[in-house]
Amino acid sequence: MRLTIVAATGGIGRQLLLQAVDAGHDVTAVARSPEKITAPVRTAYADLAHPDLPALTEAIKGSDAVLSGLGARTTSEAGVATRGTAALIEAARRVGVRRLIVVSAAPIGTLPSPARPHPPRHDPGDGFFMRHLGVPFTHRMFREHYADLAEMEDAVRASGLDWTISRPPRLTDKPLSGRYRTAVDRNVRGGLTASRADVAHQMLACLEQPETIGHTIGVAK
Ligand SMILES: NC(=O)c1ccc[n+]([C@@H]2O[C@H](COP(=O)([O-])OP(=O)(O)OC[C@H]3O[C@@H](n4cnc5c(N)ncnc54)[C@H](OP(=O)(O)O)[C@@H]3O)[C@@H](O)[C@H]2O)c1
């Protein structure tokens, strides 16, 4: 397939790129530091805090799917997931690219956002510990990051594209195992971690799973 991989220098983005190239996909890698990309792929520059729509449109044109590992590296950069993903959506629409797969986070399903002011109090996949300790703690701890991801999810859901949102819990740098669990529109029960490599694997697997279109997918070890 022809894929555009966005934020291809990040933890998940690098894994998306490596695994996509290994699988024989034809990849365009989009990054704000494309010089860091050593894989033999086309590259494109994009600072997604200040998106250049014509350049993004050019990078995405002709792709079968866009996969994004975009997220704020620091609290002060929060907002980039929303702004950058909104630009990706607009660029994809302009050139008729329909498939979009992005990464969010497990606690976002219960976080209010402008389009979902009254989300469920608890995620059906979360057990006692996550409901009463883990989720309230992370909502406070990562307030700005999560508000950004929640608003990004709003934009993705409203995009009219064939979208899938991947929602992992705490990320690790463990190697690809391919042994992870998924859950549709809920978190994985008892799933406390996921490796970035496994999340990338799950996002790429969605390309062959049309049943994931229009859904959030919990992914965890
Ligand atoms: N940490 C966790 O435990 C956890 C758990 C669940 C979900 N998440 C979420 O999962 C997502 C991905 O995680 P990760 O560990 O792969 O994140 P990461 O390593 O911090 O990667 C973030 C990516 O976004 C890119 N980016 C940030 N600002 C940009 C800008 N202005 N223009 C272009 N690219 C920009 C970064 O580019 P550079 O490489 O140039 O900096 C990097 O490629 C994040 O949204 C994170 O919040 C994290």
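Taking the criterion of being at pLDDT below 95, surrounded by fewer than 24 Cβ atoms within 10 Å (Cβ to Cβ) and hydrophobic (A, V, I, L, M, F, W, C), the residues of the range 87-131 that qualify are Phe128, Phe129. In the range 5-64, what residues are open to solvent by less than 30 Å² (accessible area, probe 1.4 Å), part of a strand (DSSP E or B) and of a type in the set (Ser, Thr, Tyr)? Result: Thr28, single match. Just one of the numbered conditions (1) of a type outside the set (Ser, Thr, Tyr); (2) more than 11 Å from the ligand (Cβ to nearest atom); (3) open to solvent by less than 30 Å² (accessible area, probe 1.4 Å) is not true of Met152: (2).
The rows are residues; the columns are (1) touching a residue at least 60 places away in the same chain (Cβ under 8 Å); (2) within 29 Å of Glu211 (Cα to Cα).
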| site | (1), (2) |
| --- | --- |
| Ala46 | no, no |
| His50 | no, no |
| Asp64 | yes, yes |
| Leu70 | yes, yes |
| Ala78 | yes, no |
| Arg83 | no, yes |
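For the residues Gly71, Gly84, the requirement of being of a type outside the set (Val, Ile, Thr), open to solvent by less than 30 Å² (accessible area, probe 1.4 Å) and under 14 Å from the mean Cα position of the chain (by Cα) singles out Gly84. Scanning the range 107-123 for residues that are touching a strand residue (DSSP E or B) at 6+ places or on another chain (Cβ under 9 Å) and either on the phi > 0 side of the Ramachandran plot or touching a residue at least 24 places away in the same chain (Cβ under 8 Å) (or both) yields Pro107, Ile108, Gly109, Asp123. Filtered by the rule that a residue be open to solvent by 20 Å² or more (accessible area, probe 1.4 Å), over 15 Å from the mean Cα position of the chain (by Cα) and either within 11 Å of the ligand (Cβ to nearest atom) or of a type in the set (Val, Ile, Thr) (or both), the range 185-208 gives Leu192, Thr193. Against the numbered list (1) surrounded by fewer than 20 Cβ atoms within 10 Å (Cβ to Cβ); (2) closer than 21 Å to Leu3 by Cα, His139 comes up short only at (2). Selection of the range 90-112 for residues being among the aliphatic types (A, V, I, L, M) and closer than 18 Å to Ala72 by Cα yields Ile101, Val102, Val103, Ala105, Ala106, Ile108, Leu111.
The set of residues from the range 25-44 being farther than 22 Å from Ile165 by Cβ and near the ligand (Cβ under 9 Å from one of its atoms) comprises Arg32, Ser33, Lys36.
Of all residues assigned to the range 158-173, at least one qualifies as being open to solvent by 30 Å² or more (accessible area, probe 1.4 Å), within 9 Å of the ligand (Cβ to nearest atom) and of a type in the set (A, V, I, L, M). Of the listed requirements (1) within 14 Å of the ligand (Cβ to nearest atom); (2) under 22 Å from Met152 (Cβ atoms); (3) under 17 Å from the mean Cα position of the chain (by Cα); (4) not acidic (Asp, Glu), His50 misses just one: (3). Residues that are within 13 Å of the ligand (Cβ to nearest atom) and not in a loop (DSSP other than H, G, I, E, B) within the range 65-85 comprise Leu67, Ser68, Thr75, Ser76, Glu77, Val80, Ala81, Thr82, Arg83, Gly84, Thr85, listed in sequence order. Quick check on Leu56: is it closer than 28 Å to Arg170 by Cβ and touching a strand residue (DSSP E or B) at 6+ places or on another chain (Cβ under 9 Å)? In short, no.
The values are calculated or read from the model by the stated rules, or taken from the named source; none is laboratory data. Given the structure is predicted, the values throughout are model-derived calculations rather than measurements. No Cβ is skipped: glycine too gets one built from the backbone with ideal geometry, and neighbour counts run over all protein chains shown. Surface accessibility is based on the protein's heavy atoms, side chains included, excluding ligands, DNA and RNA. Shrake-Rupley method; radii C 1.70, N 1.55, O 1.52, S 1.80 Å.
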